[in-house]
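Read through the structure below, which is laid out as structure tokens, and then see the notes.
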Amino acid sequence: MRAQWTTASHIELAKESIDFMARFAQELGINVWLRRGGYLFLAGDEHTLRLLENGARLHRAHGLATRIIGAGEASELVPELDTGKFVGGSWNPDDGVVFPWPFLWGYADGARKRGARVETFTRVTGLDVEAGAVRAVRTDRGTVRADRVVIASGAWSPSVAAMAGVALPNVPYRHEIVSSEPLKPFLGPLVTMMGTGLYFSQSMRGEIVGGMGDPAEPPGLNQTSSLRFLARYARALTDLVPRLGQVKLLRQWAGCYDVTPDHSPILGETPGVRGLLQMSGFVGHGFMMAPAVARRMAGWMGGARDELFERFNVSRFAEGRFEKETLIIG
Ligand SMILES: Cc1cc2nc3c(=O)[nH]c(=O)nc-3n(C[C@H](O)[C@H](O)[C@H](O)COP(=O)(O)OP(=O)(O)OC[C@H]3O[C@@H](n4cnc5c(N)ncnc54)[C@H](O)[C@@H]3O)c2cc1C
């Protein structure tokens, strides 16, 4: 989770979310192991460093502690880096990592205590729409009548929306990730290399967990693991941190980024289907945006005004009013 972004909306949503993660234990009674080790974005050339400088100026205008640092200071933060591979970077010590499972359990328990019912292993098979309004959700365990339905199905959102005859522009792309054997703690920040999309951090159990985007990845709901990824990741990682060449990799998996044309979420009303609400398109950052977006969604559904749901309405693509977020990792 990080507040280093290139658009004001993402910075503000991330700040709100991260503030909440710091209060998670008090509010939801479960420790999410928030560790603020910082995020270090590395630039391989001067042009990329200029882009990071522009970002850092915007971050400071939003009250963040982001600084541009040289290769020397980056190697003080992470001495294992090969300083010949980058010219500097963008550093925010307040970014960090949380442990996802207690985060999910905390939300589910909190919702149950407030009267929500959580139905796991229940597949949505259809959405009933009558006279331009959503009426019911059909599932493999029965039909639930509802005049408001939120589509929050991540990379599967376009297929769920299609059940109501709605086309979303989100496209799924596989992203692979891998975990090493546990090592003695040595790595404070999450490190990412601009351009290659390489990123890695050390978990609280000591594993190096990381991934890397692949420009050759075709679109699709593919969640299989590949040797190609392992080879590309291992080369990029050991190029930047030669000492990791000896490390054994233990487990590899994959998920799908839910990619929108402007790398921003799709939120709010669906034009033409009253009561069908959208909450998808979070690319590779939906976990960290969830606290802020979900809290605002609940308030907005309860009648509070919130311009977020206008700005990120799906209609923005047809109307051409969007600003692309460019600081995507992976
Ligand atoms: C490798 C990788 C690394 C990532 N790293 C980060 C990170 O560091 N930080 C971050 O913030 N984000 C990260 N993300 C992105 C993050 O995981 C997503 O943005 C986030 O999980 C989206 O949450 P969601 O609840 O909207 O959707 P999801 O978590 O995708 O949940 C959607 C759910 O809907 C279910 N579903 C689909 N169709 C149906 C149906 N017909 N009926 C019933 N259920 C259905 C699916 O099974 C799924 O459980 C990463 C993603 C990947 C793939």
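Once amide H atoms are built 1.01 Å from N in the peptide plane, which residues 5 or more positions from residue 313, or in another chain, come under 5 Å H to H?
Result for residue 313 returns 267.
Any chance you could give the angle, 0 to 90 degrees and rounded to 10, that helix 46-61 forms with the longest Cα principal axis of the chain?
Rounded to the nearest ten degrees, it is 60.
If eta is 0.890 mPa s and T is 25 °C, what Stokes-Einstein diffusion coefficient results for the range 1-115, Kirkwood Rh from Cα pairs, in µm²/s?
158
Just to check I understand the Karplus step: with θ = phi - 60° and J = 6.51 cos²θ - 1.76 cosθ + 1.60, what whole-Hz values come out for the range 291-301, glycine and proline as x?
These are the phi-based 3J(HN,Hα) values: x, 5, 5, 5, 5, 5, 4, 4, x, 5, 5 Hz.
Within the range 24-116, which trypsin sites (Lys or Arg not before Pro) sit in a loop by DSSP and count at most 10 neighbouring Cβ atoms inside 10 Å?
When the trypsin sites (Lys or Arg not before Pro) of the range 24-116 are filtered for loop state and at most 10 Cβ neighbours within 10 Å, 114 remain.
Which angle between 0 and 90 degrees, to the nearest 10, do you get for helix 100-113 versus the longest principal axis of the chain when only C-alpha atoms count?
30
Just flag the chymotrypsin sites (Phe, Trp or Tyr not before Pro) in the range 64-164 sitting in loop per DSSP whose Cβ has no more than 12 other Cβ atoms within 10 Å.
Of the chymotrypsin sites (Phe, Trp or Tyr not before Pro), the ones in loops of the range 64-164 whose Cβ has at most 12 other Cβ atoms within 10 Å are 121.
Could you give the distance between the Cα centres of the range 240-305 and the range 42-60, to the whole Å?
24
Carbon and sulfur: what percent of the chain's accessible surface (1.4 Å probe)?
On the way: 8870 of 16060 Å².
With neighbouring chains kept in place, the figure for the chain is 55 percent.
HN-Hα J couplings of the range 144-150 from phi, Karplus 6.51/-1.76/1.60, θ = phi - 60°, integer Hz, Gly and Pro as x?
Each residue of the range 144-150 in turn: 10, 6, 7, 9, 9, 10, 9 Hz.
I'd like the GluC sites (Glu not before Pro) in the range 30-101 restricted to DSSP loop residues with at most 15 other Cβ atoms within 10 Å, sorted by number. List each step's numbers first, then the result.
On the way: sites: 46, 53, 73, 76, 80; in loops: 80.
Loop-located and lightly packed - 80.
Just name one of 58, 302, 44: the one whose Cα is farthest towards the positive end of the charge dipole of the chain (beta-carbon charges, Lys/Arg +1, Asp/Glu -1).
Selected residue: 302.
Between residue 140 and residue 111, what is the FRET efficiency for a Förster distance of 30 Å, r being their Cβ-Cβ separation, to the nearest 0.05?
Between residue 140 and residue 111 the formula returns 0.85.
Rounded to the nearest 0.05, what FRET efficiency do residue 254 and residue 305 give with R0 = 35 Å and r taken as the Cβ-Cβ distance? Could you check? It would help to have the intermediate numbers written out before the result.
Numbers: r = 40 Å, r/R0 = 1.13.
That pair, residue 254 with residue 305, gives E of 0.30.
If you scale each eigenvalue of the Cα gyration tensor by 5 and take the root, what three semi-axes come out for the chain, rounded to whole angstrom and sorted largest first? Display every interim value, and only then the final one.
Details: eigenvalues 253, 92, 81 Å².
Gyration-tensor ellipsoid for the chain: 36, 21, 20 Å.
The values are calculated or read from the model by the stated rules, or taken from the named source; none is laboratory data. Predicted, not measured: the structure shown is a model, and the values here were computed from it. FYI the Cβ positions are ideal-geometry reconstructions off the backbone, even for glycines, and counts take in every protein chain you see. These accessible areas exclude ligands, DNA and RNA; they are computed on the full protein's heavy atoms, side chains included. Shrake-Rupley method; radii C 1.70, N 1.55, O 1.52, S 1.80 Å.
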